[in-house]
Amino acid sequence: MLAKRIIPCLDVKEGRVVKGVQFEDLRDAGDPLELAKYYVAERADELVFLDITASKDKRPIVYDLVEYLAGEVFIPFTIGGGLTSVEHIREILVRGADKISLNTAAVHNPNLISDAAKRFGSQCVVVAIDVKNVGPGRWEIFTHGGSKPTGLEAVAWAQKVTALGAGEILLTSMDRDGSKIGYDLEITSTISQAVNVPVIASGGGGELSHFRDVFGQGHADAALAASIFHFKQFRIKEVKDYLRENGIPVRV
Amino acid sequence: MITVIDYGVGNLKSLRNALKYLSTPYAISSNPDEVARAEKLILPGVGAFGFAMQCMNEHGLAETVVECARAGTPILGICLGMQLLFTRSEEGGGCKGLDLVPGTVRRFTGALKVPHMGWNEVVQCGDAKLLANSPDSQFAYFVHSYYCVPDDPEAVAGITDYGVEFCSVVQQKNVLGAQFHPEKSQEFGLNLLKNFAEV
């Protein structure tokens, strides 16, 4: 049976992990490879690296990072953040990333999704969508870290990006992000059932039961989390043991 | 020395990284003469079956690979590369494969999402050379929309369940295949590559 995936997400800036990861047992918690290896050993199913490097001329640092990671990380990993062209995407994939994630660029230029899918295959094109609940049963797409509304309705957008060739959707609830009150089950479930590609739920995971619920009621295929793993509130193994006890298939 | 066949389809970077990590000597080649002299072959592949066969033929590699396999050279097909080993695929209205393993490649039908993507269990059957020193059941990373059905049930060396129980590891004498990506399946996948290197 296909396992539900647990995916830690790491923010990297100019090739270094940011957002105070608290691992006293790592020599260098700012080194993406050290952290990646730690999570691989913990049985993370995939890894997502979000490049938050602001300066355009420092962007190529991420290319070196991909090469560095690909040499020693033998589980799938995704690189997202700031990818705006097929050429950019190609640079990341040829260095050994398995998937790339598009966010704002996909909103501004949806053709980038189809261009990337045609050239590299849908399996490596993840479209990240950041949603906010804007009224009963209504979710809107926001960009720029949740600060800019786009007027796009979430379910219609998810269906559009899938039709354009997205192979997976990374759905983040901006309302829940960092809140630890649980994933937004309603929008996760709605989108999971509205598209025929896997949905990775993100934003709000803070308790073990939140993971059970996002896979159960939320129908998610994968759950992404950052701080609860980085701050060792839970270890991945604890989450997986809990899920298995609750009848949810996981890779142990 | 393993020769990885490069016929212009897909990215070989992860496979190269895995072989390098295992300190397994390997070469990459698209040259039929070099492939013909190889001790062992890996046939990788992603994408469409018909296009991959077309590229293999254009490079003059299809015939060479068949000759090598018939002469006893160990060959490992990975993902689409495993599918290419079969007689035919339903993909794109029907395509001919290398016919090294009699059988058909079929599309997943039913309620589950296609492609089959993520970690799923591989249950070992019989004496699977590729799965030596691995637990009887292990998770591997899959990305595919079609699955292999060998005519001879004896050729099934590993089974995975995705709505249908399908052959995820094939073994017919020197012709071997894995439907999943060993280069992305953590220690289980690396062990599979190591086993192939030691076949």
Quiz item: What ratio of Cα Rg to 2.2 N^0.38 Å holds for segment A:191-252?
Solution: 1.09
Practice problem: Please pull out the direction-averaged projected area of segment A:63-198, using the convex hull of its alpha-carbon atoms, in nm² to one decimal place. | Solution: 8.4
Practice problem: Please report, in debye to the nearest 20, how large the charge dipole of chain B is about its Cα centre when each Lys and Arg carries +1 at its beta carbon and each Asp and Glu carries -1 there. | Solution: 400
Quiz prompt | GNM top mover of A:Phe77, A:Phe211, A:Phe231 - chain A, alpha-carbon springs below 10 Å | solution = A:Phe231
Exercise. Between B:Thr160, B:Thr109, B:Thr64, find the one with the highest GNM mean-square fluctuation for chain B; connect C-alpha pairs within less than 10 Å.
Key: B:Thr109
Quiz item: Non-local amide H neighbours of B:Lys40 (under 5 Å, H modeled in plane, Pro and chain starts lacking H): which ones?
Solution: B:Thr3
Quiz item: Just going by the charge dipole of chain A, with Lys and Arg at +1 and Asp and Glu at -1 on Cβ, which of A:Gly146, A:Asn133, A:Trp157 is farthest out on the positive end?
Solution: A:Trp157
Practice problem: Evaluate the Kirkwood expression for the hydrodynamic radius of segment B:67-142, namely the inverse of the mean inverse distance over all pairs of different C-alpha atoms, and round to one decimal in Å. | Solution: 14.6
Exercise. Compute the signed sum of charges (Lys and Arg +1, Asp and Glu -1) over the other residues within less than 11 Å, Cβ to Cβ, of A:Thr150.
Key: -1
Quiz prompt | Listed residue pairs exceeding 18 Å between alpha carbons, taken from A:Lys37/B:Lys184; A:Lys13/A:Lys237; B:Lys40/B:Lys194; A:Lys13/A:Lys118; A:Lys37/A:Lys237; B:Lys20/B:Lys129 | solution = A:Lys13/A:Lys237; A:Lys13/A:Lys118; B:Lys20/B:Lys129
Quiz item: Beyond 23 Å, what share of the Cα-Cα pairs of segment A:5-245 remains, rounded to the nearest whole percent?
Solution: 46
Quiz prompt | Relative contact order %, chain A, counting alpha carbon pairs below 8 Å whose residues are six or more apart | solution = 18
Exercise. Taking only Cα atoms and a 10 Å spring cutoff, compute GNM fluctuations for chain A and point out the largest among A:Asp130, A:Asp28, A:Asp213.
Key: A:Asp28
Self-check item: Pairwise Cα inverse-distance average, inverted: Kirkwood Rh of segment A:124-252 (Å)
Solution: 14.8
Exercise. In whole Hz, with x marking every Gly and Pro, tabulate ³J(HN,Hα) for segment A:222-233 from phi via Karplus 6.51 cos²θ - 1.76 cosθ + 1.60, θ = phi - 60°.
Key: 8, 10, 10, 8, 10, 4, 5, 7, 4, 9, 6, 4
Quiz item: Computed on alpha carbon atoms, what radius of gyration and Dmax characterise segment B:2-198, expressed in Å?
Solution: 15.1, 46
Quiz item: Between Rg and the Kirkwood Rh of segment A:87-146, both from Cα atoms, what is the Rg to Rh ratio?
Solution: 1.07
Practice problem: Please list, in chain and number order, the residues 5+ apart from A:Ala226 or on another chain whose amide H is under 5 Å from its amide H, with Hs placed from the backbone. | Solution: A:Cys9
Quiz item: Between A:Gly206 and residues 5 or more places away or on another chain, which pairs have amide H atoms under 5 Å apart, with H built 1.01 Å from N, and which residues are they?
Solution: A:Gly182
Quiz item: In peptide A:40-47, how many Cβ atoms from other protein chains are near each Cβ within 10 Å, on average?
Solution: 2
Quiz item: Can you pull the mean other chain C-beta count within 10 Å for peptide A:67-74?
Solution: 5
Quiz item: For the protein assembly as shown, what is the Kirkwood estimate of the hydrodynamic radius, computed as the reciprocal of the mean inverse distance between distinct Cα atoms, to one decimal in Å?
Solution: 22.4
Quiz item: Roughly how many Å is it from the Cα centre of segment A:89-140 to that of segment A:145-219, as a whole number?
Solution: 14
Quiz prompt | Estimated inter-spin distance, A:Asp57 and A:Gln159, nm [label 7 Å along Cα→Cβ] | solution = 4.7
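Only the coordinates and a few stated rules stand behind these numbers; no lab work does. Since the model is a prediction, treat every value here as computed from it, not as a measurement. Here the Cβ is made from the backbone with ideal geometry for all residues, glycine too, and neighbour counts use every protein chain on show.
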